[in-house]
Amino acid sequence: MLVLNDVARQYNNKAAVSAVSLTVDRGSFVGVIGRSGAGKSTLLRMINRLVDPTAGTIAFDDIDVTRLSGKALRDWRARCAMIFQQFNLVGRLDVLTNVLMGRLNKVSTPRALLRLWSEEDRAIALSALEQFDIAGLAAQRADSLSGGQQQRVAIARALVQEPDVILADEPIASLDPRNTKVVMDALLRINKHYGITVMCNLHSLELARGYCDRLIGMSAGRVVFDGAPELLTDDV
Ligand code: ADP
Ligand code: ADP
């Protein structure tokens, strides 16, 4: 269980996120919605400490996420995979190698440094690609793929990390409607099939309603709605 208590972040004395307290149950699919600048991205990034909170605490089970550093912080980041709007693949590397990057924390350091992947690692990566119908692209350069394909590779990379939580920051903002569905379906599959908690920033309330079992509405850095999607009537 992920527990945020009075979490805040300021940039140059200006609040990006203010006094956010919430509990995210294991296995839930939470949509964070709100206009651009509402603080959604800052909120997600504080959870895996890409951004440090200026106040408050974040805890996951018995881990005090806000106090982690060094190896403990790297271990935590491996447990909460991040998905970005711009996919963040290594474009000049092939798809399978990009997915294998998600296994870096699973293999011994010398093997990771030498990129000596075992047959088992390769099989796991390939199986992740198969689940999202892109195994046929394994040998292609990542930058030769469409946006929807690249985001599925990013999701496969997150999956082989075997995370507890996936933090998806506007994962479909660069995609057309067809790829939007493919990518959201992939996130839903991970959530339902593996029980991985998903927190997903979205602009579209309609889309959030279709996929999430709980919505958090943000406005000007604050939580202005928190509940079941069907309870949210107005645009936030
Ligand atoms: P989006 O949330 O639309 O995906 P970003 O996360 O890149 O876009 O940025 C969100 C907001 O934060 C934008 O309004 C952007 O101008 C602002 N922002 C991002 N980085 C900085 C920065 N280094 N300095 C000031 N504002 C920033
Ligand atoms: P959202 O994801 O909802 O678009 P953000 O979390 O990106 O919102 O931004 C919240 C606020 O924090 C905005 O006012 C934005 O300009 C500001 N902000 C975000 N990142 C930075 C940054 N790196 N430096 C300065 N201001 C930032």
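Arrange the peptides 59-71, 180-192, 95-107 so that the one whose residues have, on average, the most other Cβ atoms within 10 Å appears first.
For the peptides 59-71, 180-192, 95-107, the packing ranking is 95-107, 180-192, 59-71.
Using a/c under 1.5 as the rounded threshold, could you call segment 113-197 rounded, prolate or oblate? The axes a ≥ b ≥ c are square roots of the C-alpha gyration tensor eigenvalues, and prolate needs a/b larger than b/c, oblate otherwise.
Here segment 113-197 falls in the oblate category.
Full extension from residue 220 to residue 69: what is 0.36 nm times the residue separation minus their Cα-Cα distance, to one decimal in nm? Don't skip to the end; give the middle numbers.
Values: separation 151, 0.36 × 151 = 54.36 nm, distance 2.94 nm.
That works out to 51.4 nm of additional length.
Which ³J(HN,Hα) values in Hz, rounded to whole numbers, follow from the phi angles of segment 42-52 under the Karplus curve 6.51 cos²θ - 1.76 cosθ + 1.60, where θ = phi - 60° and Gly and Pro get x?
4, 4, 4, 5, 6, 5, 9, 6, 5, 10, 8
Quick one: 3J(HN,Hα) in Hz for segment 192-205, Karplus 6.51/-1.76/1.60 with θ = phi - 60°, rounded, Gly and Pro as x.
Values per residue, Gly and Pro as x: 6, 6, 10, x, 6, 5, 10, 10, 10, 7, 9, 7, 8, 5 Hz.
Which of 119, 206, 130 moves most in a GNM of the chain, Cα contacts under 10 Å?
Of 119, 206, 130, the Gaussian network model singles out 119 as fluctuating most.
On a straight-distance basis, which lysines could pair with residue 106 in a cross-link, Cα separation under 30 angstrom, same-chain partners fewer than 8 positions away excluded?
40, 71, 192
Over segment 1-123, what is the relative contact order in whole percent, taking alpha-carbon pairs under 8 Å and six or more residues apart?
21 percent
So who's got an amide H within less than 5 Å of the one on residue 218, skipping anything under 5 residues away but keeping other chains? H placed 1.01 Å off N, in plane.
33, 34, 224
Taking the number of other C-beta atoms within 10 Å as the exposure measure, put 9, 92 in order starting with the fewest.
If I rank by nearby Cβ atoms, fewest first, I get 92, 9.
So in the chain, what percent of DSSP beta bridges are antiparallel if you round to the nearest 5?
If I count the DSSP bridges inside the chain, around 55 percent turn out antiparallel.
Scan around residue 55 for amide H atoms under 5 Å from its own, H built in the peptide plane at 1.01 Å from N, and keep only partners 5 or more places away or cross-chain.
8
Taking the simple approach of a point 7 Å from Cα along Cα-to-Cβ for both residue 1 and residue 204, what is their distance in nm?
3.4 nm
Per residue of segment 12-26, in order, report the coupling 6.51 cos²θ - 1.76 cosθ + 1.60 (Karplus, θ = phi - 60°) as ³J(HN,Hα) in whole Hz, putting x for Gly and Pro.
6, 6, 10, 6, 9, 9, 10, 6, 8, 10, 7, 10, 10, 6, 4
Run the dipole for the chain about the Cα centre, Lys and Arg Cβ at +1, Asp and Glu Cβ at -1, nothing else charged, and hand back the magnitude in debye, nearest 20.
Value, rounded to 20: 680 debye.
Describe numerically, in nm with one decimal, the distance between label points set 7 Å from Cα along Cα→Cβ at residue 61 and at residue 118.
If labels sit at residue 61 and residue 118, their model points lie 2.2 nm apart.
In debye, nearest 20, what is the charge dipole magnitude of segment 1-139 about its Cα centre with +1 on Lys and Arg Cβ and -1 on Asp and Glu Cβ, if you could check? Before the final figure, lay out each step's value.
Values: 18 positive and 13 negative charges, 110 e Å.
So the dipole magnitude of segment 1-139 works out to roughly 520 debye.
Could you let me know the centre-to-centre spacing of segment 62-84 and segment 174-236, using Cα atoms, in angstrom?
That distance is 23 Å.
How high is the FRET efficiency between residue 130 and residue 228 when r is their beta carbon distance and R₀ equals 35 Å, given to the nearest 0.05?
For residue 130 and residue 228, the calculated efficiency is 0.55.
List every residue whose amide H lies under 5 Å from the amide H of residue 16, counting only residues 5 or more places away in sequence or on a different chain, with H placed 1.01 Å from N in the peptide plane.
Close amide H contacts, sequence-distant or interchain: 9, 10, 11.
Starting from the 7 Å offset along Cα-to-Cβ, what nm value, one decimal, do you get for the label separation of residue 21 and residue 189?
Going from the residue 21 label point to the residue 189 one covers 4.0 nm.
I need to check one value: relative contact order of the chain, counting alpha carbon pairs closer than 8 Å and at least 6 residues apart, in percent.
29 percent
Might you report the magnitude of the Cβ-based charge dipole of segment 184-236 about its Cα centre, with Lys and Arg at +1 and Asp and Glu at -1, to the nearest 20 debye? Can you show the working numbers first?
Working: 5 positive and 7 negative charges, 49 e Å.
Value, rounded to 20: 240 debye.
What is the Cα radius of gyration of segment 74-215 over 2.2 N^0.38 Å, N being its residue count?
Working it through for segment 74-215, the quotient is 1.00.
Every read-out reported here was derived from the displayed coordinates using simple, explicitly stated rules and does not represent laboratory data. Computed from a predicted structure; not experimentally measured. Reconstructed Cβ throughout: ideal geometry from the backbone, glycine too, with neighbour counts over all protein chains shown.
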